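Take a look at the structure below.
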Amino acid sequence: MRQTAVLLVFLITGVAASAQLKVKPDCGVLTVDVFKGWINETKPNADPEQIKTKLPCFTFSEKEAPSSTCGGGVYLDDKGVRFYTQRDYIVINEKFKGKFTAPVMGVKKGGLFTRFGNPKLKDANWEAYQMAYGIMIVYYNAKGVVNKVIISTKTTDDIDLCTTN
């Protein structure tokens with residue numbers, strides 16, 4: 001009798017818990033427009049509330065404050081995207097499953113020249129391209145393939161990258 005009562009309690013609790021499930025908002029296909037400097041028409045210098053409205057599938061957000069990591073942001077970590085709102089840039093990493101308006105992610109070193117010209121700045125593991133909206137920085141993995149892209153409305157002189165990217 002006692003086992004039946006315990007089983008009944010677990011069943012009722014299980015049904016009540018499943019009633020608490022909520023569907024996560026869907027952003028559809030995320031599209032990085034490397035020529036306009038935005039993701040689904042959301043620019044890196046957009047207000048955090050505008051980003052949340054345009055991309056309601058964010059996983060979490062952090063207010064812009066002196067105590068916040070990297071000045072706050074709106075993060076879509078399960079999609080491979082992070083908006084650093086106070087610093088006005090977007091990081092797209094290799095988890096990104098959306099699309100680019102021009103091939104960037106996964107391109108081998110030297111493969112961006114035909115589309116973007118010479119980089120304004122470059123180092124062994126990254127290159128920064130001057131764009132109409134600001135800059136696009138691409139990072140290369142050990143195999144020489146782009147595995148991270150940063151889009152910013154800032155210039156190469158003004159950008160302040162967070163060291164926890």
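The values are calculated or read from the model by the stated rules, or taken from the named source; none is laboratory data. Predicted model only: the values in this text are computed from it and were never measured. Neighbour counts are summed over all protein chains in view; Cβ atoms, including those assigned to glycine, are modelled from backbone coordinates with ideal geometry. Just so you know, the surface numbers come from the protein's heavy atoms only, side chains and all, with ligands and any DNA or RNA stripped out. Shrake-Rupley method; radii C 1.70, N 1.55, O 1.52, S 1.80 Å.
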- Pairs under 9 Å by beta carbon, first residue within 24 Å of K24 (Cβ to Cβ) in region 59-76, partner assigned to a loop (DSSP other than H, G, I, E, B) and acidic (D, E), six or more apart or different chains? G72/E64; G73/E64
- Item | Near pairs, Cβ below 6 angstrom, 6+ apart or cross-chain, from region 111-122 (closer than 14 Å to G134 by Cβ) to any residue that is assigned to a loop (DSSP other than H, G, I, E, B) | K120/T156; L121/T156
- In region 22-77, the residues that are surrounded by 11 or more Cβ atoms within 10 Å (Cβ to Cβ) and assigned to a strand (DSSP E or B): T31, V32, D33, W38, I39, T42, S61, E62, G73, V74, Y75, L76
- Task: Look through T101, T42 and report the one residue that is under 30 Å from A142 (Cα atoms) and modelled with pLDDT of 85 or more.
- Result: T101
- Message: T156 - would you say it is at pLDDT below 95, surrounded by 12 or more Cβ atoms within 10 Å (Cβ to Cβ) and of a type in the set (V, I, T)?
- Response: yes
- Message: Suppose we keep only residues that are closer than 16 Å to K154 by Cβ and in contact with an Asp or Glu (Cβ under 7 Å, 6 or more places away or on another chain) within region 80-118. Which one would you say is least open to solvent (accessible area, probe 1.4 Å)?
- Response: T85
